[in-house]
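Here, each number is a calculation from the coordinates, and none is a lab measurement. If you're wondering where the values come from, they're calculated on a predicted model, not measured in any experiment. Reconstructed Cβ throughout: ideal geometry from the backbone, glycine too, with neighbour counts over all protein chains shown.
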Amino acid sequence: MPLVMTDAVVLHAFDYLESSRIIRLATRDAGLQSVLARGARSSSRRFGLGLDLFASGVAQIQLRPGRELQQLDGFDLTSSRDPIARDLERFAAASALAELALRFADGDEPGDLYATLIAALDAVAAAPGDRARDVGLAAAWHLVAGFGFAPVLTRCCRCELLLADEDTATFSHGAGGCACRACAPLLPRGRPLPPEARAALRAWTTGTVGTDWPVIETAMRRAHLRLLREFLEQHLNDGRPLRAFETWERGLGTLGAAIG
Amino acid sequence: MSVIDELAGELSKLPGIGRKTALRLTYHLLKQPRERSIRLARALETLAERVHPCQTCFNPTEDAECAICRDPRRDAAVLCAVEEAADIGAIERAGEFRGRYHVLGGRISPLDGVGPEDLTVSELERRVAGGAVTEVIVATNPSVEGEATALYLQQVLAPHVARVTRIARGLPVGGDLEYADGITIAQALSARREMP
C-alpha cells in the first residue's frame with residue numbers, strides 16, 4: 001500500500017462514526033480523493049486543526065488502488081484560508097468553487113488543475129468584502145476554463161468568423177460560446193451578451209488569476225451568475241442540483257432580511 | 001425480505017452503522033433474552049411517540065417546553081445558540097452557564113444544501129425580538145461552517161439584541177504551549193484578555 005505525500009486542499013468534510021471524518025480532497029498528485037481521517041473530531045494530535053473546509057496542506061494518504069475511500073495518515077497545514085469564514089460572500093463563493101471542483105474534476109486530473117483551484121480559492125480569500133462576489137464569479141469562470149470548458153468568445157463558435165469587440169454577440173450554452181448574427185438563429189437557446197460582459201468573460205477565462213479582473217455592476221452580476229449557472233447545467237448534464245452554487249446565487253449575505 | 005434483513009436494514013440507516021455492524025447487532029439481539037429486545041422496542045416506540053422539540057428552544061423534550069426553559073432559576077436574558085441538542089449536554093457538564101439555549105438544528109453548509117432557512121434562525125430571531133434577551137452567545141463549532149453560521153447569526157440578531165458574543169477559541173486547559181499548533185496559538189493570542 002503506497003504512502004503518497006501530496007499537496008491537497010479540503011473541499012468537503014463530514015462526520016463519520018463517533019470521532020472520525022470523511023474528507024474530500026483535491027490533490028496535486030492524485031486528483032480528487034475521498035479519505036477517512038480516523039479520530040479527527042476527538043483529537044487534534046494526528047491532523048492538527050487543519051482538516052477544515054478550504055484549508056491547504058501536505059496530505060499523507062495510504063492509496064489503495066480500486067478503493068473509493070482511502071486512509072488519511074496525516075495533514076500538515078500550510079494555509080487555513082481563515083478570511084473565507086469571516087465573510088459570508090467569500091464563504092458562499094468558496095463553497096461554490098469547491099462544488100464545481102467536486103463535480104467537474106474526475107480522479108485523475110493533472111496538477112495544473114490543482115494549481116488553478118488553489119489560485120481561485122486564494123483570490124476569493126483575499127477579496128475585499130465588497131468585491132467578493134465579483135472575484136468569486138471570475139474565479140468560477142477561471143476554474144470552468146481550467147476544466148476545459150472555456151466558452152468560445154472571440155470567434156463565432158459555428159462559422160469561426162472573428163467577432164468585433166464592440167458587438168453584442170449571442171451566447172449559446174449548447175453550442176459552447178458566442179455566435180455571429182448570421183449563425184445565432186441556427187443555434188439552440190441563446191442569450192445576448194453585451195460587449196462589456198464578453199470582455200469580462202474573456203478576462204476571467206484566460207490568463208492567470210488576478211486582482212485586475214473587471215469590476216461588475218450589481219445588475220450585471222446577477223446576469224453573469226445566471227449565465228454561469230445555465231452554462232454549468234448544460235455541460236454537467238447529470239440532473240443533480242448545484243446546491244452550493246444556488247446558495248451563492250441567492251446571496252447568502254442578504255438572506256437575513258428575507259427569512260426574518 | 002426476512003425479519004432479520006428488515007431489522008438490519010433499519011439499523012444500517014443509523015449514523016455510523018454499516019451493513020456488517022447492523023447484522024452483528026441484529027444477531028446480538030437474537031441471542032439476548034426476549035424481554036430485553038421487547039424493552040428496547042418499547043423504548044424506541046416511546047421515544048418516537050413522546051419526544052419532540054421544545055416549542056421555545058428546540059431541545060428534545062416530552063413536554064411542551066424542555067426542563068431548562070421551564071426552570072425559573074435559569075437566566076432568560078442570556079441565550080446560548082448551539083448547532084445540535086447534544087451540544088447542550090457538553091455545555092451543561094461544564095456547569096458554568098446559567099442561561100437558556102436555542103438549538104439551531106445544524107449549521108449553514110452550502111455544499112450540503114443547508115441554508116439559514118433550514119435552521120431555526122427565524123425562530124431565534126423572533127425569540128430575541130421580544131426584547132427580554134440581552135445577550136446571545138453563539139456556540140457553533142469552531143469550523144469554517146460554524147464560523148460562517150455565527151457570522152450570519154450576528155448579522156440577523158444584531159438589530160434586536162444588545163450583545164451577540166462568540167465563544168472563545170484558544171489553548172485547552174491542561175495543554176502545553178510547546179505542543180500547541182500555530183492556529184491555536186494565533187487564536188489564543190488574538191482572543192487574549194486583560195488579567196483581572
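For helix A:218-236, what angle does its Cα long axis make with the longest principal axis of chain A, in degrees from 0 to 90 and rounded to 10? Taking the Cα atoms of chain A, the angle to A:218-236 is about 70 degrees.
Beta bridges from DSSP with both residues in the protein assembly as shown: antiparallel share about 70 percent, rounded to the nearest 5. For the pair A:Cys159 and A:Ser34, label points projected 7 Å from Cα toward Cβ lie 4.9 nm apart. Return the percentage of antiparallel bridges among DSSP beta bridges fully within segment B:60-194, rounded to the nearest 5 %. Within segment B:60-194, antiparallel bridges account for around 5 percent of the total.
Look at the stretch B:112-118: the mean tally of other chain Cβ atoms within 10 Å of its residues' Cβ atoms is 5. Note: relative contact order over segment A:3-80, using C-alpha pairs below 8 Å and six or more positions apart, is 32 percent. Potential lengthening of the chain between B:Gln55 and B:Thr134 amounts to 26.4 nm, from the contour at 0.36 nm per residue minus the alpha-carbon distance. In whole angstrom, segment A:1-108 maps to an equivalent ellipsoid with semi-axes of 21, 17, 12, each derived as √(5λ) from the alpha carbon gyration tensor and ordered largest first. Using the Cβ-Cβ distance between B:Ala186 and B:Ser2 with R0 set to 60 Å, the FRET efficiency from 1/(1 + (r/R0)^6) comes to roughly 0.60. Considering helices alone, the calculated mean residue ellipticity of chain A at 222 nm is -11000 deg cm²/dmol, with DSSP H runs of length four and up weighted by -39500 (n - 2.57) and normalised per residue.
Counting Cβ atoms of other protein chains within 10 Å of each Cβ in A:168-179 and taking the mean gives 0. Per-residue packing, averaged as other Cβ atoms within 10 Å, sorts the ranges B:96-108, A:56-68, B:20-32 into the order B:96-108, A:56-68, B:20-32, beginning with the highest. Dividing the Cα radius of gyration of chain B by 2.2 N^0.38 Å, with N the residue count, gives 1.29.
Note on B:Glu45/A:Arg189: beta-carbon distance plugged into 1/(1 + (r/R0)^6) with R0 of 56 Å gives a FRET efficiency of 0.55.
Computing FRET efficiency as 1/(1 + (r/R0)^6) for B:Lys20 and A:Arg181, where r is the C-beta to C-beta distance and R0 is 60 Å, gives about 0.40. What angle do you read, to the nearest 10 degrees and between 0 and 90, between the alpha-carbon axis of helix A:195-205 and the longest principal axis of chain A? With both axes taken from Cα atoms, the answer is about 30 degrees.
Note on segment B:111-171: dipole from Cβ charges, positive end direction compared against B:Val136, B:Val121, B:Gln155; the farthest Cα belongs to B:Val136. Treating each Cα of chain A as one equal point scatterer and applying the Debye formula with no solvent, the log10 of I(q)/I(0) at q = 0.09 Å⁻¹ comes out as -0.44. Put simply, when A:12-25, A:216-229 are sorted by average Cβ atoms within 10 angstrom per residue, most first, you get A:12-25, A:216-229.
Across q = 0.09, 0.14 Å⁻¹, the protein assembly as shown modelled as identical point scatterers on its alpha-carbon atoms has Debye log10 I(q)/I(0) values of -0.73, -1.37, in the order of the q list.
For chain B, the mean residue ellipticity at 222 nm estimated from helices alone is -13000 deg cm²/dmol, where every DSSP H run of n ≥ 4 contributes -39500 (n - 2.57) and the total is divided by all residues, rounded to the nearest 500. Peptide A:52-65 shows a mean partner chain C-beta count of 1 within 10 Å per residue C-beta.
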